[in-house]
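**Student:** Just dropping this structure here.
Here, each number is a calculation from the coordinates, and none is a lab measurement. Computed from a predicted structure; not experimentally measured. Virtual Cβ from ideal backbone geometry, glycine too; neighbours counted across all protein chains shown.
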Amino acid sequence: MRINLAHIRERSTTGGWINFAVFEAKSNSGSDSANRELLNQLTARASRSGLKVEKAALAYQESGRVKFFGTPDVVAYLSRRGVPRWTHHIDV
């Protein structure tokens, strides 16, 4: 299965840089624990492929609305900015 992802580098509130990934994916059950496990797996896979990932989130459709799950500050960022343009993909 091919998963779209966006690898983003933005300034942090402290002035440094933060690298984060957003994955177009949702766990089969949609539970928080299953989404957390999926996010951990995808983050590890992206890191192994050479991407620097300090924080991450999932982006998915639910009941016709875009939802985000992951690191709270990344989720807040995405809630303001919307779904990013996909820059990479990983096969799982």
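**Student:** As a test, work out the antiparallel percent of DSSP beta bridges whose residues both lie in the chain, rounded to the nearest 5.
**Tutor:** 75
**Student:** Next question, about the same structure. Sum -39500 (n - 2.57) across every DSSP H segment of at least 4 residues in the chain, then divide by the residue count to get the 222 nm mean residue ellipticity, nearest 500.
**Tutor:** Calculated from helices alone, the mean residue ellipticity at 222 nm is -9500 deg cm²/dmol.
**Student:** Dimensions of the chain along principal axes (Cα, Å, largest first)?
**Tutor:** Largest first, the chain extends 38, 28, 23 Å along its Cα principal axes.
**Student:** Still on this structure, please answer the following. List the trypsin sites (Lys or Arg not before Pro) within the range 6-92 that DSSP assigns to loop and that have no more than 13 neighbouring Cβ atoms inside 10 Å.
**Tutor:** Answer in residue order: LYS52, ARG85.
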